[in-house]
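The values are calculated or read from the model by the stated rules, or taken from the named source; none is laboratory data. Here the structure is a predicted model, which is why all the values come from computation and not from measurement. So basically every Cβ, Gly included, is an ideal-geometry build from the backbone, and we count neighbours across all protein chains shown.
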Amino acid sequence: MKDNYKKIALWQTAFLGDSVLTLPLIKALSLRFPEAEIHLFVRKGVEPLFAAQKELAGVYGFDKRGAQKSMKAAFKYGAEIAKQDYDLWISAHTSMRSAVVSMASKIPDRIGYTAPWYNRLVYTKTVNRKFTELEEVERLLALGKPLGISESTPQVELNIPSDILAESKSFFSQFSGRPVIGIHPGSTWQTKKWPENNFAQIISKCVKAGYKVLLFGGPDEMDLCNVILQQAEHKTDVTNIAGKLNLQQLAAYIRQLNLYLTNDSGPMHIAWIQNVPLVAMFGPTVKKFGFFPRGKNSTILESSENLSCRPCGLHGGKSCPEKHHKCMTNITVEMVWEEIIEKVEKQKVIL
């Protein structure tokens, strides 16, 4: 590998949370090669979140579920990249489609993981991902090892445009310093969702305690949030903003919260990376996968019962294979409420 690069491409086209987890690697690359342009390739729709990121010269969306789904389209996309004078390619994604793009790019230096087997035919340098030994941030930083980058995590900041931040602060000013709890009841995977009525009970408890509640969700989670709100006994101080925020606004609003309650989801990573107090519920997945939220302000709640069926998959699934969903239902309303109270009261003491 060279000692210097002029134009670096970083490829991470997995889910929203996975792209957020690349921020430490992006920061490390910018520190190692301060004169280089760094360009990030993400799943289409995710790119606006990184539009203001100071370390990046460009962000691009790859339509892996649409127009660029086929291997032919992927090869064509890589061929277009080949014309753009990149001298270093780093792929954080391990799919065959990503390998095809990488190969077609013909970038002189290409770094990827050793597995799957075909990666060794595609990349000029491969790195052991050590999936069972490292957390995802360290697995990503390991891609920089051939470049002299250590696995020590640098300080990172998610950059949000100043006007979007000002808008979020203006919105939160109406709450007059009251604790504001953000609740996100959705997830891409059904088995990662805590029961709807449990969320409704937490909403009622928050309202009774004098907290303001904001319900978060994407456009496809609006109905879920409405159903949960209908089940809540007390809901006078609840505002449902599901489907009303773009990704930059979502990040800015989460930053203003006193606490974010969520299932395992992409926005969970937007919360902890901004050091927002977080309570996250994990059921079908476990810490050894390496995708838990990090930081001293993050609390992870899991079933206290040792379930032989857990984990049931890397991502969860559409339904519980054992038909009982104990990994999530064993996380009680009382467990969650205790964590909320503790984190909110701790902030009052600090203030």
Q: Return yes or no: is Cys320 more than 27 Å from Ile254 (Cβ to Cβ), touching a residue at least 40 places away in the same chain (Cβ under 8 Å), in contact with a helix residue (DSSP H, G or I) (Cβ under 9 Å, 6 or more places away or on another chain) and of a type outside the set (D, E, K, R)?
A: yes
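Each row is one residue, and each column tells you yes or no for (1) outside the structural domain of Leu140 (by TED's automatic domain parsing); (2) modelled with pLDDT under 95; (3) closer than 21 Å to Glu157 by Cβ; (4) in a strand (DSSP E or B).
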| position | (1), (2), (3), (4) |
| --- | --- |
| Trp11 | no, no, no, yes |
| Ser19 | no, no, yes, no |
| Pro24 | no, no, yes, no |
| Lys27 | no, no, yes, no |
| Leu31 | no, no, yes, no |
| Pro34 | no, no, yes, no |
| His39 | no, no, yes, yes |
Q) Among the strands (runs of 3 or more DSSP E) contained in segment 203-313, which hold 1 or more residues that are of a type in the set (S, T, N, Q) and in the same structural domain as Val180 (by TED's automatic domain parsing)? A) 238-240, 259-263, 298-301
Q: Report yes if Thr329 is at pLDDT 95 or above, under 18 Å from Trp194 (Cα atoms) and more than 19 Å from the chain's Cα centre (by Cα), otherwise no.
A: yes
Q | Selection within segment 78-123 - among the polar types (S, T, N, Q), surrounded by 14 or more Cβ atoms within 10 Å (Cβ to Cβ) and not in a helix (DSSP H, G or I) | A | Ser91, Thr94, Ser95, Thr114
Q.
Given the condition outside the structural domain of Leu23 (by TED's automatic domain parsing), in a helix (DSSP H, G or I) and over 18 Å from the mean Cα position of the chain (by Cα), answer yes or no: does some residue in segment 175-193 qualify?
A. yes
Q: Taking the options Ala242, Ala271, Ala251, name whichever one is more than 28 Å from Ala142 (Cα to Cα), small (Gly, Ala, Ser) and at pLDDT 95 or above.
A: Ala242
Q | Conditions (1) over 26 Å from Thr188 (Cβ atoms); (2) surrounded by fewer than 12 Cβ atoms within 10 Å (Cβ to Cβ); (3) among the basic types (Lys, Arg); number of the one not met by Lys346 | A | (2)
Q.
Would you confirm whether or not segment 51-73 contains a residue that is in a helix (DSSP H, G or I), in contact with a strand residue (DSSP E or B) (Cβ under 9 Å, 6 or more places away or on another chain) and outside the structural domain of Trp272 (by TED's automatic domain parsing)?
A. no
Q: Please determine, by comparing only the residues of segment 278-294 that are under 21 Å from Thr22 (Cα atoms) and touching a strand residue (DSSP E or B) at 6+ places or on another chain (Cβ under 8 Å), which one is surrounded by the fewest Cβ atoms within 10 Å (Cβ to Cβ).
A: Lys287
Q. Are there any pairs, at least 6 apart or on different chains, whose C-beta atoms fall under 8 Å, with the first in segment 219-237 and modelled with pLDDT of 95 or more and the second of a type in the set (Val, Ile, Thr), and if so, which?
A. Ile228/Ile203; Leu229/Ile203; Leu229/Val238; Ala232/Ile203; Ala232/Val207; Ala232/Val238
Q. Inside segment 216-251, can you point out the residues that are over 21 Å from Glu334 (Cβ atoms), hydrophobic (A, V, I, L, M, F, W, C), out of contact with any Lys or Arg (no Cβ under 8 Å at 6 or more places or on another chain) and buried (at least 18 other Cβ atoms within 10 Å of the Cβ)?
A. Phe216, Leu224, Cys225, Ala242, Leu245, Leu247, Leu250, Ala251
Q.
Can you tell me how many residues within segment 139-151 are within 20 Å of the chain's Cα centre (by Cα) and either more than 19 Å from Thr114 (Cβ to Cβ) or in contact (Cβ under 8 Å) with a residue 24 or more places away in the chain (or both)?
A. 4
